[in-house]
Every structure is written in C-alpha cells, then in structure tokens.
Amino acid sequence: TDVKYYELRRPCRVMVLVNPQSGRGQALQLFSGQIEPMLTEASVPYTLVITEHQNHARDLVRETDLSQWDALVILSGDGLLFEVLNGLLEREDWEEAIQTPLGILPGGSGNALAASVHHYTKSPPAWGKELLLSCGFLLCKGLVTRLDLVSVHLASSQRIFSFLSLAWGFVADVDIESEKYRLVGPMRFLVGTLMRLASLKVYQGRLAYLPAPPFTPQNSSLCSSLPCGPNSSPNQNSRHNHITNSNHSTNSNHNTAHNSSNIAITTMRTEPQPVNQKGPPDSLLADLEQPVPDHWTVVNEEDFVLVLAMFQSHLAEDLFAAPGAAADDGFIHLLYVRAGISRLALLTLFMAMEKGGHLAIGCPHLVYERVKAFRLEPLSPEGAITVDGEMVEYGPVQAQAHEGIARLISG
Ligand code: ADP
Ligand code: MG
C-alpha cells in the first residue's frame with residue numbers, strides 16, 4: 001500500500017523512556033552504547049527517562065505537557081509501549097495526544113513492533129543489535145506514518161488499546177510460560193514453543209468476526225494523507241454499510257457463516273457514546289453481554305489449538321505471523337488453528353512462521369481471515385489471554401480495529 005509520511009520538525013525534542021529491567025536488563029547500556037551516539041551525531045536533543053516501576057510510563061504520559069515533546073521514544077520491549085499508548089488514550093485530550101509520534105527501540109525480550117517496523121522498510125530481516133541500529137537510524141531520519149490501534153474489551157467492561165496482538169491458547173501460554181526463560185532474550189519464544197508442544201492442549205471456545213471488505217481501489221481512496229484527524233463518523237458509517245453488503249455477497253466463501261446458539265443475532269449498538277469517554281468509540285461492537293451482530297461470521301468449531309489476532313506483521317523478532325500486515329492497513333489479521341493438528345504439523349507451522357511462510361504450506365487446520373472486529377469466548381473456566389504479550393483478564397473478549405489513529409516513527 002501507499003504509505004504516507006510526514007517528517008518530524010527540526011530540531012525535534014525527544015523523550016526517551018528506558019525500562020532498565022527489560023530484556024536481559026541491559027537497556028540502559030544499549031542506550032548509552034548504541035543510541036546516544038546516534039542521537040548526538042544527528043543533533044537530536046533528547047531527555048532520558050528511566051522507568052522505576054510498572055505503570056510509571058503510563059502515569060507520566062497521562063499527566064505530562066505533551067506540547068514540550070515532538071516524539072516519545074521507547075527503549076524496552078513491547079510492554080512499555082503498551083503502557084505509553086494506553087496512557088495517551090486516558091487523557092482528556094486523547095484525540096490530539098494519540099497523534100504524538102512514537103518511536104520504538106528494541107531493548108526487551110519481546111520486540112515485535114521493532115521487528116515489524118524494520119520489516120516495513122523492506123530491509124532484510126535483522127535481530128539483536130542490528131535491529132536496534134536499524135530502529136535508531138529510523139528515529140534519526142524522523143519519518144512518521146500512521147499506526148493502527150485495536151480497542152479490546154475485557155469481561156469486566158474494561159477497555160484497553162493494543163498495537164500488536166491478542167492471543168489465546170497455545171501462543172498465549174507460550175507467551176506466559178516463556179517469561180521464565182527471559183534470560184535467553186528473544187529466543188525465549190522458541191524455547192517456550194518447544195516446551196508447549198510436548199504438552200499440546202485443546203482449548204474450547206467460540207469465535208466470531210466481522211470480515212473486512214475485499215480490497216478495491218475505492219477502499220484505499222478512503223485513506224486520507226497525513227497529518228489527519230480522527231475518523232469522522234459519516235466516513236465510518238459508509239464503511240460499515242459497505243462491510244455489511246460485501247459480507248452478504250461473500251458469505252458463501254465462509255463455510256461457517258451460520259450463527260450458533262450462543263453467539264446469536266442482534267442489532268448494532270446505536271446508542272450514543274458517553275460524552276466523557278476517552279478514546280475513540282467502538283461503532284462495530286455490540287455489548288459483550290449481547291450476541292454478536294447478525295452480519296458477523298460465526299466460526300462453527302469450538303475446539304482450537306490457538307487463536308491469534310495480529311495487528312502488525314511480527315509477533316516476535318523471529319515470528320513473522322502476519323506477512324500481509326502493514327502498520328496502518330486497518331485490519332485485524334485473524335489466525336486460528338483448529339484442534340486435530342499433529343505436533344509435527346504445528347511445529348512445521350511455527351518453523352515456517354520464521355520467514356512468514358506458514359500460510360502457504362496448505363495446512364488444513366490453519367485458517368486466516370482479514371477482519372475489522374472479532375469476539376472470542378473461551379469456554380474452559382481457566383486459561384490465559386495475552387494482549388501485546390502481557391496477560392489480561394481471562395474471559396470473553398472482543399476487539400475492533402481503529403485505522404491509523406496513532407503515529408509511528410517508521411520508514
Ligand atoms: P520485555 O520485553 O523485556 O518484557 P517490556 O517493555 O515488555 O520488556 O517490559 C516488561 C514489563 O516491565 C512491562 O509490563 C513494564 O510495564 C514493566 N516495567 C517498566 N519499567 C519497569 C521497572 N523499572 N521495573 C520493573 N518493571 C518495569
Ligand atoms: Mg514484554
């Protein structure tokens with residue numbers, strides 16, 4: 001797709017947030033050894049903020065005077081960026097605040113956004129220090145693109161914003177179990193995957209989604225160039241009608257388009273959003289206690305090995321899970337693996353995923369859909385769901401894409 005850019009103003013004032021505990025605990029050394037010299041060379045003035053505890057960054061960006069900063073840069077894993085995004089969207093001025101350019105420098109054990117940003121530059125894959133230097137270079141270059149966010153509703157009616165992924169089943173369990181292997185750095189996902197394969201489980205749940213409209217030049221012309229404001233509601237409405245119509249015409253492609261008993265038919269949410277709600281309204285979602293809208297596709301299967309919703313291309317530095325994803329395509333790339341897959345076939349899938357080849361190997365248990373929204377209702381009483389690699393409340397969840405509402409220093 002045609003990525004639109006703008007340039008950071010010069011000289012740009014950058015706040016660099018470093019989590020000294022991220023990854024192998026070397027983020028500060030990475031900053032002084034690799035990044036500081038680059039910023040000095042490029043004459044980028046910066047202020048270093050070292051996070052002291054969880055949610056330090058979230059509280060800081062919620063309160064800070066953003067007019068002092070041209071960019072917020074995170075040197076950590078994906079977890080710290082998750083905090084910053086959610087802090088920005090908790091502000092009274094969230095609409096403006098979320099347009100603050102954000103930069104990511106890989107310093108954690110999960111550096112999926114950094115790997116995705118690097119991939120979007122069409123450069124050959126990079127890991128470790130090479131990836132850090134690539135992202136440092138992009139920061140000095142200062143080109144800003146749009147970034148999709150996804151709002152995620154949890155059972156307790158809490159809403160969080162995600163830039164990366166939502167996982168349940170195999171991938172979520174690996175995410176959590178592999179925390180104890182964090183000393184091996186990004187390799188922890190590989191180690192965790194092999195451990196999980198040995199005790200492969202089936203996860204019961206219900207999945208439903210709103211398919212994305214098929215790509216047409218008309219759709220792409222809806223994208224406005226930067227800098228841009230939040231989506232206007234007339235625009236969203238026209239898209240919604242388009243989705244409804246196109247879904248009916250393509251239902252035959254989805255062998256599972258019949259509503260099952262518990263995810264049944266309802267109408268769209270039409271009541272106005274509360275005036276003081278922070279963050280964009282979720283016009284595609286019904287209440288979580290209500291059945292999904294009738295034009296959604298409901299998956300027939302209830303036995304899964306994994307459900308993985310990807311919002312960027314990479315799930316980890318070496319997991320190229322959504323090869324078709326772009327930073328601002330507005331899609332949720334939904335992958336699920338049905339139960340019945342052999343250990344060997346699942347291992348083959350994950351090995352192919354390193355180069356993004358998993359969708360092309362014809363695995364009959366793997367399904368991939370581009371969607372705008374989805375709902376997942378786990379049926380087993382206990383389990384794990386992760387959002388951007390962090391564990392969230394377990395239970396029914398639903399999510400919708402918000403196309404290009406954030407800003408990312410990219411290339
Ligand atoms: P990693 O990829 O290594 O897990 P993250 O950026 O994801 O790195 O950070 C992991 C968690 O650490 C996040 O939940 C973040 O909020 C938290 N955190 C941030 N700063 C600190 C700190 N100084 N001490 C402990 N935890 C922190
Ligand atoms: Mg993390």
**Study point:** Sequence-distant residues sharing a close amide H with LEU149 (under 5 Å, placed H)
**Key:** HIS402, GLY404, ILE405, ALA406
Point to revise | Accessible surface of segment 311-395, 1.4 Å probe, proportion on carbon and sulfur as whole % | key: 57 percent
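Could you look at segment 22-72 and say what percent of its accessible area is carbon and sulfur, using a 1.4 Å probe and all protein chains? List each step's numbers first, then the result.
Numbers: 1270 of 2820 Å².
Answer for segment 22-72 is 45 percent, counting heavy atoms of protein chains only.
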Point to revise | Separation of the GLU130 and ARG159 label points, Cα + 7 Å toward Cβ, nm | key: 4.2 nm
Point to revise | Hz values of 3J(HN,Hα) by residue in segment 358-365 - Karplus curve (6.51, -1.76, 1.60), Gly and Pro given as x | key: 5, 7, 9, 8, x, 6, x, 8
Exercise for review: Give me the distance in nm between label points sitting 7 Å out from Cα along the Cα-to-Cβ direction at THR47 and SER67, one decimal.
Suggested key: 1.4 nm
Check your understanding: What residue among GLN99, SER67, THR121 has its Cα farthest toward the positive end of the dipole of segment 6-149, where the charges are +1 on Lys, Arg and -1 on Asp, Glu, each on the Cβ?
Key -> THR121
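When a/c reaches 1.5 or more, the comparison of a/b and b/c decides; with that in mind, is segment 6-149 rounded, prolate or oblate per its Cα gyration tensor?
Details: a/c = 1.37, a/b = 1.21, b/c = 1.13.
In terms of gyration-tensor shape, rounded.
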**Study point:** Residues with amide H under 5 Å from that of VAL73, placed H, sequence gap 5 or more
**Key:** MET15, VAL16, LEU17, GLY103
Review point. Which whole-Hz ³J(HN,Hα) couplings does segment 30-37 yield from phi under the Karplus relation 6.51 cos²θ - 1.76 cosθ + 1.60, θ = phi - 60°, glycine and proline marked x?
Key: 4, 5, 5, x, 10, 8, 3, x
Review point. Given a 1.4 Å probe, how much area per residue of segment 6-149 is accessible, in Å²?
Key: 41 Å²
Practice item. Determine ³J(HN,Hα), in whole Hz, for all residues of segment 70-78 in sequence, where each value follows from phi through the Karplus function 6.51 cos²θ - 1.76 cosθ + 1.60 and θ = phi - 60°; x replaces Gly and Pro. Key: 9, 7, 10, 10, 10, 10, 5, x, 5
Exercise for review: Mind checking which of ILE361, LEU379, GLY389 is farthest towards the positive end of segment 327-408's charge dipole, using Cβ charges of +1 (Lys, Arg) and -1 (Asp, Glu) about the Cα centre?
Suggested key: ILE361
Check your understanding: Under 20 Å Cα-Cα from LYS141, which lysines qualify once same-chain neighbours fewer than 8 residues away are excluded?
Key -> LYS4, LYS122, LYS129
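Take every Cα pair under 8 Å in segment 293-346 that's 6+ residues apart, average their separations, divide by the length, and report that relative contact order as a whole percent. Can you show the working numbers first?
Numbers: 55 pairs, mean separation 20.9, N = 54.
Relative contact order of segment 293-346: 39 percent.
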Revision key, fill the gap. Between ARG206 and residues 5 or more places away or on another chain, the pairs with built amide H atoms under 5 Å apart involve GLU377, LEU379
Check your understanding: Using a simple spin-label model with points 7 Å from Cα along the Cα→Cβ vector, what separation in nm is obtained for GLU92 and TYR6?
Key -> 2.4 nm
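At a Förster radius of 45 Å, what calculated FRET efficiency corresponds to the Cβ-Cβ distance of ASP59 and LEU344, to the nearest 0.05? All intermediate terms of the calculation are to be shown ahead of the outcome.
Details: r = 47 Å, r/R0 = 1.05.
About 0.45, to the nearest 0.05.
The values are calculated or read from the model by the stated rules, or taken from the named source; none is laboratory data. This one's a predicted model, so the numbers in the text were calculated from it and none came from an experiment. Methodologically, a virtual Cβ is constructed for each residue, glycine included, from the backbone with ideal geometry; neighbour enumeration extends over all protein chains shown. Ligands, DNA and RNA are stripped out before the accessible areas are found, and what is left, the full protein with its side chains, is counted by its heavy atoms. Shrake-Rupley method; radii C 1.70, N 1.55, O 1.52, S 1.80 Å.
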